[in-house]
Ligand code: PMP
């Protein structure tokens with residue numbers, strides 16, 4: 001039944017029943033955690049063959065001894081493999097250490113303090129620097145901005161990606177806006193895949209936004225489909241070439257959720273001009289990346305077909321967890337008016353919206369009975385979800401049984417909070 005159709009007596013009866021269920025859950029002293037988008041133990045084990053794969057052969061294709069210093073750009077074969085994933089040439093790809101987040105931080109730090117086109121273009125010379133942040137979005141992007149004193153302007157996400165009418169209007173009218181965060185495929189947390197039109201408008205955005213504007217294209221889930229029919233993502237690099245904006249787009253990716261989350265390989269793709277400028281900056285930080293790990297990765301996953309076959313094994317492990325969440329939400333909440341949620345075809349998250357004003361309460365209710373959820377607000381800049389609706393669910397790390405137990409408890413908390421609110425509203 002839809003909650004708005006329930007009489008006061010019916011609501012009271014539901015509330016009593018829900019309190020009883022909640023008490024029973026509390027007695028079970030659950031210790032569950034749906035917070036972070038981490039791969040599970042079985043997922044990381046899919047890549048155990050990385051260990052020892054070199055078998056004593058430390059030579060890259062061009063004869064480089066990967067055990068030694070050097071090669072700031074990364075190994076040639078790694079640049080080719082991962083550049084192809086980003087749709088850019090090896091010369092337009094730099095392969096770094098284990099974290100794409102580090103590369104993102106370095107690009108922003110560089111643009112802020114050194115300037116992408118020389119000292120007098122450093123953003124820090126401006127009184128204010130602002131970034132567009134599609135919401136809900138990824139909290140660690142927001143943390144970088146906060147740390148760098150970049151003011152964040154939220155922009156709503158639509159089914160097609162960021163609301164581009166709004167984005168274009170904002171950049172046209174505010175020259176302090178220097179960039180936008182994008183997670184274009186299986187977005188964190190909505191799972192949205194940007195439409196072709198959105199990708200093209202983002203590639204053209206620098207023409208509206210000005211010379212020192214950049215698009216931070218964090219394609220963290222580029223190959224992370226759960227189903228064969230998952231929507232493809234258009235190549236932003238192709239659109240950039242057509243509109244001559246490659247200097248304004250930095251694409252990022254990593255194998256954190258392909259191989260080992262703490263021991264993968266991260267990469268950045270942009271114009272050759274940008275990469276050579278960036279390298280001059282990186283050269284003060286390192287003599288070169290871990291090429292041994294890069295070579296291990298190229299041997300383990302030599303081409304696109306190998307990556308896809310490997311990702312299908314990941315999907316087989318995590319698809320049942322996603323389906324447990326979605327089936328339970330559908331069975332328990334569809335048609336009740338108590339919330340809505342996304343049903344992504346890939347990625348690591350499901351985004352759930354409660355009725356306005358309830359996300360925090362649901363997260364607290366769940367926390368009090370031992371089900372940890374991502375803090376409400378985390379998906380918004382400064383932790384401020386004004387409507388207090390969004391909750392990010394991350395089902396990959398816990399076991400299937402734990403995911404089921406967590407979502408069962410979550411549903412009780414959503415119902416309890418919603419019925420309480422409806423009764424209070426009279
Ligand atoms: N970007 C997004 C959108 C993510 O969800 C994550 C991991 N949660 C990362 C980046 C982190 O990537 P890495 O491990 O390469 O630093």
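The values are calculated or read from the model by the stated rules, or taken from the named source; none is laboratory data. Being a predicted model, the structure only gives us computed values, none of them experimental. So basically every Cβ, Gly included, is an ideal-geometry build from the backbone, and we count neighbours across all protein chains shown.
A few comments on the model shown:
- Selected residue [touching a strand residue (DSSP E or B) at 6+ places or on another chain (Cβ under 8 Å), within 24 Å of residue 87 (Cβ to Cβ), more than 16 Å from the ligand (Cβ to nearest atom) and part of a helix (DSSP H, G or I)] from 230, 237: 237
- Given (1) touching a residue at least 24 places away in the same chain (Cβ under 8 Å); (2) closer than 25 Å to residue 28 by Cα, index of the condition residue 375 fails: (1)
- Output for segment 252-284, where each listed residue is in a loop (DSSP other than H, G, I, E, B) and within 16 Å of the ligand (Cβ to nearest atom): 255, 256, 257, 258, 259, 260, 261, 262, 263, 264, 265
- Residue check: residue 75 meets all listed conditions (1) farther than 30 Å from residue 139 by Cβ; (2) buried (at least 17 other Cβ atoms within 10 Å of the Cβ); (3) assigned by TED's automatic domain parsing to the domain that holds residue 315 but one, namely (3).
- Residue within segment 307-326 that is under 18 Å from residue 412 (Cβ atoms) and free of Cβ contacts under 8 Å to residues at least 40 places away in the same chain present: yes
- Filter pass, residue 98 being in the same structural domain as residue 235 (by TED's automatic domain parsing), at pLDDT 95 or above, under 26 Å from residue 38 (Cα atoms) and assigned to a loop (DSSP other than H, G, I, E, B): yes
- Matching residues in segment 279-314 - criterion: being touching a helix residue (DSSP H, G or I) at 6+ places or on another chain (Cβ under 6 Å) and modelled with pLDDT under 95: 281
- Conditions (1) more than 16 Å from the ligand (Cβ to nearest atom); (2) in contact with a helix residue (DSSP H, G or I) (Cβ under 8 Å, 6 or more places away or on another chain): number failed by residue 220: (1)
- Hits in segment 124-141 (condition: outside any helix (DSSP H, G or I) and away from the ligand (no atom under 16 Å from the Cβ)): 126, 127, 128, 129, 130
- Taking the criterion of being assigned to a helix (DSSP H, G or I) and more than 16 Å from residue 270 (Cβ to Cβ), the residues of segment 200-220 that qualify are 200, 201, 204, 207, 208, 209.
- Exclusive hit being in contact (Cβ under 8 Å) with a residue 40 or more places away in the chain, in the same structural domain as residue 82 (by TED's automatic domain parsing), closer than 23 Å to residue 139 by Cβ and surrounded by 15 or more Cβ atoms within 10 Å (Cβ to Cβ), set 224, 248, 212, 297: 224
- Per-region count, segment 1-42, residues over 32 Å from the mean Cα position of the chain (by Cα) and in a loop (DSSP other than H, G, I, E, B): 5
- Of residues in segment 154-184 being in a loop (DSSP other than H, G, I, E, B) and within 16 Å of the ligand (Cβ to nearest atom), the one nearest to residue 131 (Cα to Cα): 183
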